[in-house]
Amino acid sequence: MRGIQRMVEENRDCRDVVVQLAAIKASVASLNTLVAETYAQECLCGSEQLDTTAVASLLGLLKAAR
């Protein structure tokens, strides 16, 4: 983010700034998916009984994160 801020302050080409913003957005989305998958595997599927409330909560969280 600081790099993008610096790009704006230096009046870099808008296309370059947009490309960098898109890269950050893609990275955050990828990380969000990884965290959700890890949570699902370790917290929801690790127990003997699958809590449907927890699954619904996770799905709601994923929808909100879009």
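The values are calculated or read from the model by the stated rules, or taken from the named source; none is laboratory data. Because the structure is predicted, anything quoted here is derived from the model rather than measured. Every residue, glycine as well, gets a Cβ built from its backbone with ideal geometry; the counts of neighbours run over all protein chains shown. Quick note on the areas: whole protein, heavy atoms, side chains included, nothing else; ligands and nucleic acids left out. Shrake-Rupley method; radii C 1.70, N 1.55, O 1.52, S 1.80 Å.
Being in a loop (DSSP other than H, G, I, E, B) and modelled with pLDDT under 75 is the filter here, so list the residues in segment 11-66 that pass it. Break it down into steps so the answer makes sense when it comes.
Filtering segment 11-66 down to residues in a loop (DSSP other than H, G, I, E, B) leaves 11-13, 45-51, 66.
Residues satisfying the conditions are Cys45, Gly46, Ser47, Glu48, Gln49, Leu50, Asp51, Arg66.
Would you mind telling me which numbered condition in (1) modelled with pLDDT of 90 or more; (2) open to solvent by 90 Å² or more (accessible area, probe 1.4 Å) Val8 fails?
Condition not satisfied by Val8: (2).
Contact list please: Cβ distance under 7 Å, first residue in segment 12-39 and more than 25 Å from Leu59 (Cα to Cα), second residue open to solvent by 60 Å² or more (accessible area, probe 1.4 Å) and at pLDDT 90 or above, pairs at least six apart or on different chains.
That search, which allows pairs on different chains as well, returns Val17/Val8.
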